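Here the structure is laid out as structure tokens; the discussion comes afterwards.
The values are calculated or read from the model by the stated rules, or taken from the named source; none is laboratory data. Please read these numbers as outputs of a predicted model, since none were measured by experiment. Virtual Cβ from ideal backbone geometry, glycine too; neighbours counted across all protein chains shown.
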Amino acid sequence: MLTVPARDAEEAIARLVADPTIEAMVTAHRVLEPRPPRHAPWPENLDPRLRQALHDRGVEALYTHQAQAFAAASARRNAVVVTPTASGKTLCYNLPVLDAVARDDAARALYLFPTKALAADQLVELRALSDAAGIGLKTHTYDGDTPANVRSVVRSAGQVVITNPDMLHAAILPHHTKWFKLFENLQYVVIDELHTYRGLFGSHVANVIRRLRRICRHYGADPIFICASATIANPRELAERIIEAPVELIDDNGAPSGRKHILVVNPPVANGELGIRGSSVLTAQRLGEQLIRDGVQTILFARSRTAVEVLTSYLREAIPAPDGHPSTIRGYRGGYLPNQRHEIERGLREGRVRGVVATNALELGIDIGSLDAAISVGYPGTIASTWQQMGRAGRRSGTSISVLVCSSSPIDQFLAAHPEYLFDSSPEHGLINPDNLYVLLNHLRASSFELPVPATERFGLEETPLLLDMLQEDGYLRRADDDRYYWSHENFPASDFSLRTGAPENVVIVDTTGDRHRVLGEVDLFAAPLLVHEKAIYIHEGVQHHVDRLDWDERKAYVTRTDVDYYTDASLGITLKVLEVADETDAAPAGGRQRGEVMVAWKVTMFKKIKFHTHENVGWGSISIPEQEMHTTATWLIPPAELVNRYDRDTLDGALIGLGRVARTTAALLLMSDVRDLGVLAQVQAPFTGRPTLYLYDAVPGGVGLTERLFSLTDELVRACRDAVTSCPCSDGCPACVGPAIEVGARGKATVIELLAGMS
Amino acid sequence: MLTQRLLADKLAAVRRSQGTASPSRPLAADRADGLARWLGAELRVADVGRVILIERSIPLPVDVAAALATLPAACYFDTETTGLSTGAGTVVFLAALGRLDGQRLVVHQYLLPDYPDELALLRHVAAELAVAERLVTYNGRAFDLPLVVARLTVNGLFSAMAEIPQRHDDLLPVARRLWRRSLGGARLADVERGVLGVERTSDCPSWEVPGRWFGYLRGGSPELLVAVLDHNLQDIASLALLEGELLRLRAGGWRNAAALDHRGMAIELLRDGRGADALEVLEHALDGTVDPAEAAGLRRLSSRLLLAGGEPERAEALWRDGTRRASIEAATAWVEVARIRERHRGDLRGALEATQAASRVLDLAFALGRGGSIEAIARTRLIVDRRLRRLRRWVAAAERRRARVAA
């Protein structure tokens, strides 16, 4: 039995929803009613071969949004398409592109995807459609996996080149002369998964697009941009900031959808004193187990790689595979090798894999077909990703279910108490800052290598001439008699920096268990100290590995297979140094507020061993991995002196920790950003201010403007924090507000309320 | 790496100094003219820019000049650039084109006075390339030519691209085959020192080249460029000398050449379609070598040539020569003899005998302790035994068949 008739899945979902023990945990239950498709007539100017090919594949008519995208492209208008998963989004760009190539085989298009896996997926889909239409499209991916002999063919003859922004930045633009056939005839640039280009990465990508447009102008091309994005608050604004041109928004989804249950589940209170609720992992396991047993194909999204592995092993224990058969429950996360991932994706599409536990690696448009049920274990951090995850369940007909299982973290508890926030408020903004000097200057160097820059040209900023002079002073450029700035340095500037400074390189995990060493997978450099420090238990596909040695300089972790009854959890120590104050207000008597440049350093210092199932602490160890640093921006609050003098140091210490926790959550909500994009640090005696201080900083190097915006919202921040804490029903603090009393002190919650009152 | 703060400081400083002229702007408009005069060279001025032409003439050894004159008219070509990447920001600031003129090599060096003059340089270079019948470079296939094509592309000179001679003799791969093993490298400097007897004295190392041009542009003395011009000129002279040496070797000079890799030489001759000469080189080398591993390599190549030429007897004799000393190489040689007998002479029994000989030699080598590592012996043993078993089976089968036919 590979697939379950839709009716059975429907009944299983109905049973789950009606189960009284589950019903008791549900804080919100919405039902999205089925929606019929809305079609538009075939565009008259569409190449008949394409229309026939679509017809042969069972497409009787285009959905309204697809027709709208085609019309925009035909009229040479840039567009951004925002529709849910599985609504036929890729046709929105494949259709105009194939149509252009069908008309004129000199026409070229460039596709950008954030990952190689998505590019590979798209290649298959694009080829299938062009083959069906008999267009004979010449297309290939161009990335690190492209064989050398294919590369030169792609450069000269590729009609659709599928790549990623990193490759465009480091390999294509600096060598544009080898690509002149592409640039001369470039009619379309497709940017899919636009919403992933936010924050620092997005700021880099916007600059790569600036460089791309310069090259296109040089070769006399003026391509149309077609973007596609998951739901965010400002898709059009983000697209316009990235491509720096007007963009038409297409968000009127014409695709049909089946009935869908959406549940918000809050595990019951397990410890009233500490305000601790039952584990979201165990609750999700229970729901997943019941659904999978009933034959409902289910995906569970966990927030960390460790959680993926823990949940996978729990589910496998609960639903053992019949003897001699591979388990139908799989883990899926970054760090698995591509072949393994493809095999799992195929298993999902073909129905062999009945349950998958994934990180947000599966949020993006990897083709796994549509599943019956999606369970998010803990709020994924943004409303946009919540909908992305929930969108993984849902067929065009038939019933599906999506569940958010809240953890005891403050933001989850806020959502459990106010589910309307999830349903009714707008999702996050995609914020970028392409004019971040740090980012822009690197790209200006790269761009001047690609083509000399006339003194009158503007690269983003009005102050471009000043920057050019500065680069000349530093010996990178030369302003010649013709008033153009020429690259005059031996280095190759595009190789000096990466678009994803967050993860410059990965740590390779080497399994030394057998006779021969074998590469198990990789973890990025930021996650490595937490996951593969020495003596860590690293879990890969449900199998435990003991980390024997971490060679930090060589970026290698050596592990052996093991079988123990605990897992490890490392903790992070953070220090912060203020470099420069950019702005301040002294809102006396409410205390001081400042913002500016800071250096944040973090170090993983120790780890705990935590027993499976009981989750008790059974030991600890120390970790020696070099400290890592990040230069970023911060906003900090200094409560008034006469207020803090009332408390002893311990009370204040606990209260500041509590204040930090609620402030971070609340700030993330105010900024409509991911909690993880913000860092918080409370210092009871801050070296810079000499007073108790609460720092909130952008958690990416260079910053993307979150705390800069927060600085202008500090009054709202304090007010919202006060509302959140005072309206929380707990007595002495709980994870949903300031944290449990055991962490913030017996008077923690009361002190936080007093501090907030004094600061408003 | 710049931090945001340093950056902000710098930007502020730049803003403060706004309005004052940039200090490193070109000093005077006629600097190109001054440079040309300083170098005693000609300044060519066109509407698209200026370029400095330095014409030099180098005497060549009589035999070299005579040999080179037999080839289609060459353009010896080399560039000096602002970097090592072939990306769009690397500029050719000096290009040298040499051609044979009687006993002499006449070299035109085109020097870029400044970036905006690039179009003028490219036009001159393209015009000279267009009249040559073939291009001779050192690593030009991977570097100089793609770079020139990139510059032509950036400047939209697509028609000039079509006029670059089709025939391009890049001497680097040849030099690699002939000398990399014996000289431990095949950079032009290695070949100059080890083969051509050229000692560079007045010029500068390659890695200094871009910095010297940048230095001149930023107001430095024209003297910085003298060593670069010498370096570039020597590259062209060496190219011509090297091509002369290659002709000499091909014409039989390999018999008295030091530091030559004979296998490489044989391959080189083969590429010219001179199989018999290649064999002669290999035989000559076999006579001269005492290293069994090298001898095996030479035999392998010779035997391939002989077999391809339909001379299995000679190939077999060649391998038989290698079976004299009890060693792994001797066993391997017997295996080769067996292979030739089986595949090329249809002699299964002979092949079996040769394989049996291989087996005996292997035992002997092992007993005498001449076999090399145990692993090497074991590996050869496996090969020999497998072949032995198969041949025994086949010989037996053939005999049964014969017996049946006879019955």
Discussion item. Quick check on my filter: what residues within region A:280-313 are aromatic (Phe, Trp, Tyr) and at pLDDT below 90?
Written reply: none
Worksheet entry | Members of region A:163-179 found to be within 14 Å of another protein chain (Cβ to nearest Cβ) and β-branched (Val, Ile, Thr), listed by number | A:ILE172, A:THR177
Discussion item. Would you confirm whether or not region A:661-675 contains a residue that is more than 30 Å from the chain's Cα centre (by Cα) and basic (Lys, Arg)?
Written reply: no
Item to complete: Kindly indicate the residue of region A:3-18 that is part of a loop (DSSP other than H, G, I, E, B) and either loosely packed, with under 14 Cβ neighbours inside 10 Å or in contact with a Cys (Cβ under 6 Å, 6 or more places away or on another chain) (or both) and also modelled with the highest pLDDT among those meeting that condition.
Response: A:PRO5
Worksheet item: Tally time: how many residues in region B:300-309 are surrounded by fewer than 22 Cβ atoms within 10 Å (Cβ to Cβ) and within 25 Å of the chain's Cα centre (by Cα)?
Response: 4
Worksheet entry | Restricting region B:130-150 to residues that are closer than 19 Å to B:LEU53 by Cα and in contact with a helix residue (DSSP H, G or I) (Cβ under 8 Å, 6 or more places away or on another chain), the residue that is nearest to the other protein chains (Cβ to nearest Cβ) | B:VAL148
Practice prompt. Kindly state which helices (runs of 4 or more DSSP H) lie completely within region A:681-747 and contain at least 1 residues that are at pLDDT 90 or above and not aromatic (Phe, Trp, Tyr).
Written response: A:714-726
Worksheet item: Among the helices (runs of 4 or more DSSP H) contained in region B:273-390, which hold 3 or more residues that are touching a Phe, Trp or Tyr at 6+ places or on another chain (Cβ under 6 Å)?
Response: B:328-343, B:348-368
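Tell me the residue from A:ALA148, A:ALA157, A:ALA132, A:ALA128 that is surrounded by fewer than 18 Cβ atoms within 10 Å (Cβ to Cβ), modelled with pLDDT under 95 and within 14 Å of chain B (Cβ to nearest Cβ), please.
After ruling out the rest, the residue left standing is A:ALA148.
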Worksheet entry | Any hit, region B:71-81, residues being within 14 Å of chain A (Cβ to nearest Cβ) and under 17 Å from B:ARG141 (Cα atoms) | yes
Worksheet entry | Residue in region B:180-204 that is farthest from the other protein chains (Cβ to nearest Cβ), counting only those that are free of Cβ contacts under 8 Å to residues at least 12 places away in the same chain and not in a helix (DSSP H, G or I) | B:GLY197
Item to complete: Only residues that are more than 18 Å from B:LEU35 (Cα to Cα) and at pLDDT 90 or above: list them for region B:198-230, please.
Response: B:VAL198, B:GLU208
Item to complete: Could you tell me which of the residues B:THR86, B:THR81 is in contact with a strand residue (DSSP E or B) (Cβ under 7 Å, 6 or more places away or on another chain), within 26 Å of A:TRP487 (Cα to Cα) and not aliphatic (A, V, I, L, M)?
Response: B:THR81
Worksheet item: Does B:PRO312 satisfy the condition of being touching a Ser or Thr at 6+ places or on another chain (Cβ under 7 Å) and surrounded by fewer than 22 Cβ atoms within 10 Å (Cβ to Cβ)?
Response: no
Worksheet item: Just wondering, is there one or more residues in region A:385-408 that are away from chain B (no Cβ under 14 Å), closer than 30 Å to B:PRO210 by Cβ and of a type in the set (Val, Ile, Thr)?
Response: no
Worksheet entry | Residue in region A:571-578 that is surrounded by 17 or more Cβ atoms within 10 Å (Cβ to Cβ), within 14 Å of chain B (Cβ to nearest Cβ) and closer than 25 Å to A:LEU200 by Cα present | yes
Practice prompt. Those residues that are without any contact (Cβ under 8 Å) to a residue 12 or more places away in the chain and touching a strand residue (DSSP E or B) at 6+ places or on another chain (Cβ under 9 Å), I need them from region A:481-493; list them, please.
Written response: A:ASP482
Worksheet item: On the given criteria, is A:GLY475 over 31 Å from the mean Cα position of the chain (by Cα), exposed (fewer than 15 other Cβ atoms within 10 Å of the Cβ), in a loop (DSSP other than H, G, I, E, B) and at the interface with chain B (Cβ under 9 Å from one of its Cβ atoms)?
Response: yes
Fill in: Failed item in (1) touching a Ser or Thr at 6+ places or on another chain (Cβ under 6 Å); (2) surrounded by 19 or more Cβ atoms within 10 Å (Cβ to Cβ), with B:VAL174 passing the rest
(1)
Response to the item:
Considering region A:459-472, residues that are more than 7 Å from chain B (Cβ to nearest Cβ) and of a type in the set (D, E, K, R), and then whichever is surrounded by the most Cβ atoms within 10 Å (Cβ to Cβ), we arrive at A:GLU463
Worksheet entry | Failed criterion for A:ALA270 (all others in (1) touching a strand residue (DSSP E or B) at 6+ places or on another chain (Cβ under 7 Å); (2) surrounded by fewer than 20 Cβ atoms within 10 Å (Cβ to Cβ); (3) not in a strand (DSSP E or B) hold) | (3)
Worksheet entry | Tally of residues being assigned to a loop (DSSP other than H, G, I, E, B) and facing chain B (nearest Cβ under 7 Å) across region A:478-490 | 5
Worksheet item: Can you tell me which of A:ASP47, A:ASP99 is buried (at least 21 other Cβ atoms within 10 Å of the Cβ), touching a residue at least 12 places away in the same chain (Cβ under 8 Å) and over 29 Å from the mean Cα position of the chain (by Cα)?
Response: A:ASP99
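Is region A:215-229 home to any residue that is of a type in the set (Gly, Ala, Ser) and under 17 Å from the mean Cα position of the chain (by Cα)? Even if it seems obvious, please write down each step before you answer.
Step one: of region A:215-229, the residues of a type in the set (Gly, Ala, Ser) are A:220-221, A:228-229.
Restricting the remaining residues to those that are under 17 Å from the mean Cα position of the chain (by Cα) gives A:228-229.
Yes: region A:215-229 contains one or more residues that are of a type in the set (Gly, Ala, Ser) and under 17 Å from the mean Cα position of the chain (by Cα).
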Practice prompt. Filter region A:547-574 down to residues that are of a type outside the set (A, V, I, L, M, F, W, C) and in a loop (DSSP other than H, G, I, E, B) and give me whichever is nearest to A:PRO529 (Cα to Cα).
Written response: A:ARG555
Practice prompt. Would you check if A:SER280 is buried (at least 18 other Cβ atoms within 10 Å of the Cβ) and closer than 30 Å to A:GLY748 by Cβ?
Written response: yes
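I'm checking my understanding of the structure. Among residues of region A:490-545 that are of a type in the set (Lys, Arg) and modelled with pLDDT under 85, which one is farthest from A:THR328 (Cα to Cα)? Give the steps one after another, and end with the answer.
Start the filter on region A:490-545 by keeping residues that are of a type in the set (Lys, Arg), which leaves A:500, A:516, A:518, A:535.
Those still in the list that are modelled with pLDDT under 85 too: A:500, A:516, A:518.
Values: A:ARG500: 35, A:ARG516: 29, A:ARG518: 25 Å.
Within region A:490-545, the match that is farthest from A:THR328 (Cα to Cα) is A:ARG500.
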